[in-house]
Amino acid sequence: AIVAAMRLIWERMKIIIEPSAAVGVAVALDDAMKARPDLRRVGVILCGGNLDLDRLPWQA
C-alpha cells in the first residue's frame, strides 16, 4: 500500500514522496477510513527529502 500511495501521488500530482510520507496517504485511502464519516477531512504532510531518485520502488 505504501508503494502504491507513492506512485499515486507521483502520477496524479507529479510529486515524489518518501515512504514515510506515503504511510499517511495509504491510510487516508484505505477502505477502513472511507467507512468513518467522522473522518472526512484528513491532513497529510508530504515530504520527499529522504529518497534516492535512482531507486524508486515502482521502477524496474
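A few remarks follow.
- Here the relative contact order of the chain, from alpha carbon pairs under 8 Å that lie six or more residues apart, stands at 37 percent.
- For ASP30, ASP38, order by how many other beta-carbon atoms lie within 10 Å, fewest first: ASP38, ASP30
- A run of the chain free of exposed loop cleavage sites, with trypsin sites (Lys or Arg not before Pro) counted only in DSSP states other than H, G, I, E and B and at most 15 other beta carbons within 10 Å, reaches its longest extent at 15-39.
- Nearest-ten-degree value, helix 19-29 long axis tilted from longest Cα axis of the chain: 30 degrees
- Counted charge near GLU18, where neighbours are those whose Cβ lies closer than 12 Å (Asp, Glu -1; Lys, Arg +1): 0
- Per-residue ellipticity at 222 nm from helix content only, as computed over the chain with -39500 (n - 2.57) for each DSSP H run of at least four residues, stands at -12500 deg cm²/dmol.
- Axis of helix 2-13 versus longest Cα principal axis of the chain: the two differ by about 90°, to the nearest ten degrees.
- Which of VAL27, ASN50, ILE2, positive extreme of dipole for the chain (C-beta unit charges): VAL27
- Förster-model FRET efficiency, 30 Å R0, LEU29 and GLN59, C-beta, rounded to 0.05: 0.90
- Matching label, Cα extents along the principal axes in Å computed from the structure shown, candidates (1) 36, 19, 18; (2) 47, 27, 17; (3) 40, 21, 18: (3)
No value in this document is a laboratory result; all are computed from the given coordinates. Computed from a predicted structure; not experimentally measured. All Cβ positions, even for glycine, are placed from backbone atoms using ideal geometry, and neighbour counts span all protein chains on display.
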